[in-house]
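Q: For reference, the structure I am asking about is given below.
The values are calculated or read from the model by the stated rules, or taken from the named source; none is laboratory data. Please read all numbers here as calculations on a predicted model, not as lab measurements. Positions of Cβ are generated from backbone atoms using ideal geometry, with glycine treated the same way; all protein chains shown enter the neighbour counts. The protein model used for the area step is the full one, side chains on, heavy atoms only, and it has no ligands, DNA or RNA in it. Shrake-Rupley method; radii C 1.70, N 1.55, O 1.52, S 1.80 Å.
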Amino acid sequence: PTEFRLVELWVPGGDSFLGVGAFFLLIGAVVGGASMIGAEWRAGTFVTLLTWEPGRARVAIAKLVACGVVAAVIAFLLQILFCAAFLPAAWGRGTTAGADADWLRTLAGAMTRISLLTGMAATFMASIAMIGRNTAAALGVAFGYMMIFENLVRAWKPWTSRFLLGENGAILVTGSDLDTASFSRSTIAAALTLATYLGGIGAVAVMSFWRRDLASPS
């Protein structure tokens, strides 16, 4: 049998167990972010909340920030548990060779970036749900954008890949350039690109919430 190596948890720029875990964290962030706001619209609790906190902009911003922070913290804690679950295998019949201080710093950096992206994804989806007042609508928009729109744009105009969410998200997670990409971009630049998009959709969500007639059904 193949010996388990602890350093396989995170291989910079390559396939790793933590990278697979990041995929499921993002799915959870997408569903959780949309559900957190969509459920409030469905239950009608926004109207109740605004009876004692009339500042709509403050309420909207607080909801979106809380969604992102909670998602990021949960993601980091789950990654710690995920990595800890592999320790018995490494200490038993595996090996911890190469798991030195430098590797641990690299692992911590990867976990931080994955948590950041998870928080961004949750806030992004919460913003869409706040605009659409519906969980299903937010999930539909996310699916249509990521699975259809970005793939069409990528195939039609390959040079636009540097501006797409998929590529920038992958660069943020891996911390390195993508082998399949025709451009080079730093991790900081990718994070700033995603933050710009998030700021834009967040501003639209806050403005929509501020101007909307909450008594209407849509």
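Q: Exactly one condition in (1) open to solvent by less than 50 Å² (accessible area, probe 1.4 Å); (2) closer than 28 Å to Leu9 by Cα is not met by Ser182; state its number.
A: It is condition (1) that Ser182 fails.
Q: Just checking, does the stretch 11-18 include any residue being open to solvent by less than 30 Å² (accessible area, probe 1.4 Å) and polar (S, T, N, Q)? Talk me through it step by step, then tell me what you get.
A: Restricting attention to the stretch 11-18, the residues satisfying the condition of being open to solvent by less than 30 Å² (accessible area, probe 1.4 Å) are 16, 18.
Narrowing the set further to residues that are polar (S, T, N, Q) leaves 16.
The answer is yes; a qualifying residue exists.
Q: Being surrounded by 13 or more Cβ atoms within 10 Å (Cβ to Cβ) and touching a Pro at 6+ places or on another chain (Cβ under 8 Å), is that true of even one residue in the stretch 99-116?
A: Yes, the stretch 99-116 contains at least one residue that is surrounded by 13 or more Cβ atoms within 10 Å (Cβ to Cβ) and touching a Pro at 6+ places or on another chain (Cβ under 8 Å).
Condition check ((1) in contact (Cβ under 8 Å) with a residue 60 or more places away in the chain; (2) under 30 Å from Ala205 (Cβ atoms)) across all residues:
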position	(1), (2)
Thr48	no, yes
Pro54	no, yes
Ala60	yes, yes
Lys63	yes, yes
Ile74	no, yes
Thr106	yes, no
Leu117	yes, yes
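Q: Would you call Ala138 of a type in the set (Gly, Ala, Ser) and either under 18 Å from the mean Cα position of the chain (by Cα) or open to solvent by 80 Å² or more (accessible area, probe 1.4 Å) (or both)?
A: Yes.
Q: Still on this structure: Only helices (runs of 4 or more DSSP H) wholly contained in the stretch 1-86 count here; list those with 1 or more residues that are under 29 Å from Arg105 (Cα atoms).
A: Filter on the stretch 1-86 gives 17-43, 56-84.
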